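The values are calculated or read from the model by the stated rules, or taken from the named source; none is laboratory data. Keep in mind the model is a prediction, meaning the values are calculated, not measured. Cβ placement follows ideal geometry from the backbone for every residue including glycine, while neighbour counts extend to all protein chains displayed. Accessible surface areas use protein heavy atoms only, side chains included; no ligands, DNA or RNA. Shrake-Rupley method; radii C 1.70, N 1.55, O 1.52, S 1.80 Å.
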Amino acid sequence: MSRSPEPKARAETRGSKADAAQTRRAALIKHTRQQMLLHGPHNVSLAEVLRLAGGSKATVAKYFGGRDGLIAATMLDTAQTAMQELALAKQGASVEEALENLLTGILSFYLQPESIAVYRGVIACGGTDAAAGRIFYQSGHKKIVEECAGFLDRWKGQGLRHDLSSPDAAGQLVHAIRSGLYEEALLGLRAVPVDGACIRERAKAVTLLFLAGAAPRLA
């Protein structure tokens, strides 16, 4: 009579399968990001991604639900990485210092070559590919705005007005930091990567402008 595997052996088997699945997912996301950088999200070749990463359409369906799910996961992974960096960057002794650090991180994210390539691709669709626009908004821009709103909430009463609408202010703030350097890079008027000192200077200017209206009013 054959003996069933020991609990430890079964756990090791499950662990090795989970590791293999995570490795496959990471490879698919990595090569999808490269395709997005080269061709934009609307022209990602799933066949090329699978050739480079391995697996099949069934693998993509299993882990991501399909091609759109894979693209969304790739954009979300990029945004989450940026937000992890923002969590470290937004520390500061004052709201001005912390906000300047946060905006520096946000602008750095938007100026990443893959972020620019994705946005160019979405615009190039001219509204004909609603899925690409939705993925870009939900998995990228929206996540950054939500992170920014959370930051504003935490500083209310500690340098920011209590009556500030964090969601509205966060949306306006993210749009403000994307004007100038980002627009120039998006239009090909400025080479990327952009010098860090230029990014910091822009973040400082937007911080001072924002705080002029968001700081507590004097009685």
Roll a 1.4 Å probe over the protein heavy atoms and report the accessible area of TYR63 in Å², nearest 10. 60
Considering only protein heavy atoms, with the full assembly of protein chains and a 1.4 angstrom probe, order ILE123, ILE106 by accessible area, largest first. ILE123, ILE106
Distance in nm between pseudo-label sites at LEU76 and ALA93 (7 Å out along the Cβ direction from Cα): 4.0
Would you tell me the accessible area of LEU46, worked out with a 1.4 angstrom probe on the heavy atoms of the protein chains, in Å² to the nearest 10? 30
Extension length gain for ARG161 and LYS142 (0.36 nm per residue less Cα distance), in nm, is 4.5 nm
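With a 1.4 Å probe and every protein chain left in place, work out the accessible area per residue of the range 153-204 in Å², rounded to a whole number. Could the numbers behind the result be given before it?
On the way: 2970 Å² over 52 residues.
It amounts to 57 Å² per residue over the range 153-204.
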Give me the distance in nm between label points sitting 7 Å out from Cα along the Cα-to-Cβ direction at ALA58 and ARG200, one decimal. 5.4
What is the Cα coordinate range of the range 147-187 on the first, second and third principal axes, sorted by size from largest, in whole angstrom? 39, 16, 15
Arrange the residues CYS148, CYS198 by how much accessible surface each exposes, largest first, with a 1.4 angstrom probe. CYS198, CYS148
Using alpha-carbon pairs under 8 Å, 6+ residues apart, how would you state the relative contact order of the range 141-219 in percent? 37
As a test question: what accessible area, to the nearest 10 Å², does LEU189 have when a 1.4 Å probe is rolled over all protein chains in place? 130
Debye intensity ratio in log₁₀ form over the Cα atoms of the range 179-219, taken at each q of 0.30 Å⁻¹: -1.00
